[in-house]
Amino acid sequence: MSIELINVVYIVAAALFVFGLKQLGSPATAVRGNLLSSVGMLIAVVATLFNAEILTFTWIIGAVVIGSIVGYVAAVKIEMTSMPEMVALFNGSGGIASLLVGWAALYNVDNTLFTYVTIVVSVVIGGLTFTGSILAWGKLSEVMPSRAIVFGAQRIFNGLLLLALIACSVLFCLDPSASSPYLYAIIVLACVFGVMAVLPIGGADMPVVISLLNSYSGLAACAAGFAIHNNILIVAGSMVGAAGIILTNIMCKAMNRSLANVLFSGFGAVKQATKVEGEVKPISAEDAALILEAAQSVTFVPGYGMAVAQAQHVVRELGEMLEANGAEVTYAIHPVAGRMPGHMNVLLAEASVPYDQLVEMDDINPRIDKIDVAVVIGANDVVNPAANDDENSPIYGMPIINVNQARTVFVLKRSMASGFSGVDNPLFFGENTRMLFGDAKESLSTVLNELK
Amino acid sequence: MEAVLLGMVLMLSIFLGFELISKVPATLHTPLMSGANAISGITIVGALISAGSDLGTMSTVLGAIAVAFATINVVGGYLVTNRMLSMFKKKDSGPRGGKA
């Protein structure tokens, strides 16, 4: 196949990516959208194999087989609750692939200075995406502590790191070659930078990090596209980059924080919230069941705790039972609940909760005062009223689901420990709040049995 | 000149990406992200060329490792997205146990 013909196929592939992404925007067409996009990928790969520059297929076949097996097994075996970790790992593999593509492009003949600059960009973004994603995986899977890790001279260290990275990049571009020592320095520095960038970000801010890394993996592919003069890499990569930025922005807005604030300040490190005092009112599962039985409207507010307790199936069962009992049941989902954008929606979908019962924060808040019972399952910061009225709280200004305005609130909680951000939650001491202590799954099962 | 043309392509694609994504409902954020992530595996195209063209052992090895990683990204990304999306059901459609 001639280069022209291959490029025509790439245009078709790009069109399929566009249609695919468009159809991913609605639940009814999303499956087809993903399929279209994968067909686009397939024809782009097949067309590339006809490129006259490709002489030997031994390595390619070996690598594709290995990659396919690993990817397939990972995708099929992974539990839905571990989805954030999986997405992080896939992100990381995209990042390192772009780094290597940029690196290998150094061996092409007749590279211009512009090409060398884009090679450096793809190596840097690819490298930091790779190690950043690995670290994000470590935090999400709790292989390492998921809280923000901050040390004294961190900002100075990061600043120096960035300076060194820029210096090495400039020195490399002045005398570019595949054997330049600055190349290795750039790779190492970019990888260290990825680690340092994710280290000070706490678990509750992970949705932002995951979307940002997603964006970076696209940008890395885009830069690699410039390095090898390939249109499809540029088009697809930059679309992904833009998509990731939008998600990042949505996540930041949902926390009322700027991106800079999320990236550079450990959560709750500076301010101390006003101490909340009062008495919590525990409730037994039996009593909770009685109240739920009489409720006309019930809304479930899930958080990361639901994922940890694997409680989504019990939640759905309880929801169905209450519905059969005549109550109106909804699931109110905060945009940053969980560890990645839309995390809770996926878990509830796994438990066969129909997506039209999932409502967004802005839809539930105006009518939450008419809800009889709000059941908070493993959510904390996203329902913390201190965000509305305690100016000293580190999460002040963050939009929350105002469950404290519901007629009754049940909070399912393991113990009285504070949330991920380490912020006290006045909700627990509210007049209309009842605490249902214990493992969320067990508590809900008991409630369910009482109702039967 | 080529750099300018590529820059043009870049600019248009970024705007297209913004347009395509900005109206996606929160429910689909995760599949959207992993679907987009699978697309970023497009870097496999570059990897294939490096792995297959005879520009020395180093280039081939780098390319081959890149192919392996990019394939993980592509295959895993699309499959897992499909797995997630096929769970999203509208009320009273698909096989469900019915109401108790």
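Please determine whether any residue of the stretch A:319-333 is under 24 Å from residue A:206 (Cα atoms), in a helix (DSSP H, G or I) and not assigned by TED's automatic domain parsing to the domain that holds residue A:245.
no
Scanning for something in a helix (DSSP H, G or I), small (Gly, Ala, Ser), modelled with pLDDT under 95 and within 24 Å of residue A:337 (Cβ to Cβ), does the stretch A:77-91 turn up at least one residue?
Looking only at the stretch A:77-91, we keep the residues that are in a helix (DSSP H, G or I), and these are A:77, A:80-91.
Checking which are small (Gly, Ala, Ser) leaves us with A:82, A:88.
So of that shortlist, the ones also modelled with pLDDT under 95 come out as A:82, A:88.
Keeping just the survivors that are within 24 Å of residue A:337 (Cβ to Cβ) gives A:82, A:88.
Yes, the conditions are met somewhere in the stretch A:77-91.
Return the residues of the stretch A:334-358 that are outside any loop (DSSP other than H, G, I, E, B) and within 22 Å of residue B:82 (Cβ to Cβ); say none if nothing qualifies.
Result: A:343, A:344, A:345, A:346, A:347, A:348, A:349, A:350, A:355, A:356, A:358.
Give the residue, chosen from B:43, B:27, that is more than 11 Å from residue A:236 (Cβ to Cβ), in contact (Cβ under 8 Å) with a residue 12 or more places away in the chain and either more than 15 Å from the chain's Cα centre (by Cα) or within 7 Å of chain A (Cβ to nearest Cβ) (or both).
B:27
Name the residue, out of A:138, A:127, A:102, A:71, that is within 7 Å of chain B (Cβ to nearest Cβ), in a helix (DSSP H, G or I) and of a type outside the set (A, V, I, L, M).
So the residue among A:138, A:127, A:102, A:71 that is within 7 Å of chain B (Cβ to nearest Cβ), in a helix (DSSP H, G or I) and of a type outside the set (A, V, I, L, M) is A:71.
What do you reckon, is residue B:68 in a helix (DSSP H, G or I) and either in contact (Cβ under 8 Å) with a residue 24 or more places away in the chain or surrounded by fewer than 24 Cβ atoms within 10 Å (Cβ to Cβ) (or both)?
For residue B:68, the condition - in a helix (DSSP H, G or I) and either in contact (Cβ under 8 Å) with a residue 24 or more places away in the chain or surrounded by fewer than 24 Cβ atoms within 10 Å (Cβ to Cβ) (or both) - is not met.
Give the residues of the stretch A:289-315 that are closer than 29 Å to residue A:142 by Cα, part of a helix (DSSP H, G or I) and touching a strand residue (DSSP E or B) at 6+ places or on another chain (Cβ under 9 Å), sorted by residue number.
Of everything in the stretch A:289-315, those that are closer than 29 Å to residue A:142 by Cα, part of a helix (DSSP H, G or I) and touching a strand residue (DSSP E or B) at 6+ places or on another chain (Cβ under 9 Å) turn out to be A:305, A:306, A:309, A:312, A:315.
Can you find a residue that is without any contact (Cβ under 8 Å) to a residue 40 or more places away in the chain, within 7 Å of chain B (Cβ to nearest Cβ), surrounded by fewer than 20 Cβ atoms within 10 Å (Cβ to Cβ) and part of a helix (DSSP H, G or I) anywhere in the stretch A:50-60?
Let us first name the residues in the stretch A:50-60 that are without any contact (Cβ under 8 Å) to a residue 40 or more places away in the chain, namely A:53-60.
Those still in the list that are within 7 Å of chain B (Cβ to nearest Cβ) too: A:53-57, A:59-60.
Filter again for surrounded by fewer than 20 Cβ atoms within 10 Å (Cβ to Cβ), leaving A:53-57, A:59.
Among the residues that remain, those that are also part of a helix (DSSP H, G or I) are: A:59.
Yes: the stretch A:50-60 contains one or more residues that are without any contact (Cβ under 8 Å) to a residue 40 or more places away in the chain, within 7 Å of chain B (Cβ to nearest Cβ), surrounded by fewer than 20 Cβ atoms within 10 Å (Cβ to Cβ) and part of a helix (DSSP H, G or I).
If a residue has to be farther than 17 Å from residue A:444 by Cβ and surrounded by 24 or more Cβ atoms within 10 Å (Cβ to Cβ) to count, how many in the stretch A:339-357 make the cut?
8
Can you confirm whether residue B:17 is facing chain A (nearest Cβ under 7 Å), over 30 Å from residue A:334 (Cβ atoms) and small (Gly, Ala, Ser)?
no
The values are calculated or read from the model by the stated rules, or taken from the named source; none is laboratory data. From a predicted model like this one, the values you see are computed outputs, not experimental measurements. Neighbour counts run over all protein chains shown; Cβ positions are idealised from the backbone, glycine included.
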